[in-house]
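The values are calculated or read from the model by the stated rules, or taken from the named source; none is laboratory data. Note that this is a predicted model, so its numbers are computed, not measured. Because the Cβ atoms are built from the backbone with ideal geometry, glycine has one as well, and the counts that use them run over all protein chains shown.
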């Protein structure tokens, strides 16, 4: 058959892809189609190859962005927790010191 395995389009410039392991994996990953060596149609058109490459790049970008966002959120959470613990610890340490209480009160008045 002289048709694209993915879009069924007729194209004179079909590419045999059974030897292109990287492309086969991308096709399986992106569109859940597994092309095997014993399939009757093992050719894909350039347009579908381009679409698979673009989709795979987009998918990788989204995965990387998700990882980076989770790392940022984790750092922010750790920082917020640390700041809260540090503030609580300092409050406990200074709670009995009248001079410190006076300074904190004065500081609170100046920022409000």
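Quick notes on this structure:
- One residue stands out among those in the stretch 35-61 that are in contact with a helix residue (DSSP H, G or I) (Cβ under 8 Å, 6 or more places away or on another chain) and at pLDDT 90 or above: the one that is surrounded by the most Cβ atoms within 10 Å (Cβ to Cβ), which is 44.
- Cβ pairs under 9 Å, 6+ apart, first in the stretch 11-22 and farther than 12 Å from residue 47 by Cα, second modelled with pLDDT of 90 or more and in a loop (DSSP other than H, G, I, E, B): 17/5
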